[in-house]
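Novice: Shown below is the structure under consideration.
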């Protein structure tokens, strides 16, 4: 049977940002409970309440998804980008020196970080129809709005409510089906492979 774990907000780990400028809620990481500079991969939700620099994560690929709020502008020496559309992934290198300016008040974002020399992965946003997450060492489904149901061979259907996450760790070839259960469901899903 494929090992899986349904995570509730009580399982998440809350901590300050690496640079001390905000707060993060860690949903899952590998290795579990690893130090901020020692994870292979990490999924979290950040609360950004003021303008300031993003923490530097050299060697890490990052993907942000705006969850709540009017958005933010991320700028470096070469230009800027406005992240104002909710549920649109934005990928960048963790060593990139970014300054964040809030558009109109606090925001929350989902953040996937993967250490590029030992892991690789992908992120997708699931909304209106079933999404098939391919076989990979780790699969994560975080429900940002509504609720969803996850299907994987050898298990009964798994209901994943709002602000919960399903973490699947496996080396088998079973895919994970993510089915939105409500009209407003938004699930953020990631597939991650790690070099052994």
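Novice: For residues that are under 17 Å from the mean Cα position of the chain (by Cα) and assigned to a strand (DSSP E or B), scanning just the range 151-175, find the one that is modelled with the lowest pLDDT.
Specialist: 169
Novice: Of all residues in the range 175-192, which are more than 16 Å from residue 27 (Cβ to Cβ) and crowded, with 18+ Cβ neighbours inside 10 Å?
Specialist: 176, 180, 185
Novice: Given the criteria touching a helix residue (DSSP H, G or I) at 6+ places or on another chain (Cβ under 9 Å) and under 24 Å from residue 168 (Cβ atoms), does residue 63 qualify?
Specialist: No: the conditions fail for residue 63.
Novice: Could you pull out the residue among 58, 89, 106 that is modelled with pLDDT of 90 or more and either buried (at least 19 other Cβ atoms within 10 Å of the Cβ) or within 30 Å of residue 172 (Cβ to Cβ) (or both)?
Specialist: After applying the criteria, what remains is 89.
Novice: Of the numbered conditions (1) under 28 Å from residue 72 (Cα atoms); (2) not assigned by TED's automatic domain parsing to the domain that holds residue 85, residue 106 satisfies every one except a single condition; which is it?
Specialist: For residue 106, the failing item is (2).
Novice: Looking at 193, 128 in this structure, which one is farther than 22 Å from residue 11 by Cβ and in a strand (DSSP E or B)?
Specialist: One residue alone meets the criteria, 193.
Novice: Can you pull out the residues in the range 131-150 that are in a loop (DSSP other than H, G, I, E, B) and either closer than 19 Å to residue 64 by Cβ or touching a strand residue (DSSP E or B) at 6+ places or on another chain (Cβ under 7 Å) (or both)?
Specialist: Result: 134, 136, 137, 146, 147.
Novice: Now, a different point. Got at least one residue in the range 164-185 being in contact with a helix residue (DSSP H, G or I) (Cβ under 6 Å, 6 or more places away or on another chain) and either within 29 Å of residue 95 (Cβ to Cβ) or not assigned by TED's automatic domain parsing to the domain that holds residue 93 (or both)?
Specialist: Within the range 164-185 (the criterion being in contact with a helix residue (DSSP H, G or I) (Cβ under 6 Å, 6 or more places away or on another chain) and either within 29 Å of residue 95 (Cβ to Cβ) or not assigned by TED's automatic domain parsing to the domain that holds residue 93 (or both)), the answer is no, since none of the residues qualifies.
The values are calculated or read from the model by the stated rules, or taken from the named source; none is laboratory data. The shown structure was predicted, so the numbers you read here are calculated from the model rather than taken from an experiment. Methodologically, a virtual Cβ is constructed for each residue, glycine included, from the backbone with ideal geometry; neighbour enumeration extends over all protein chains shown.
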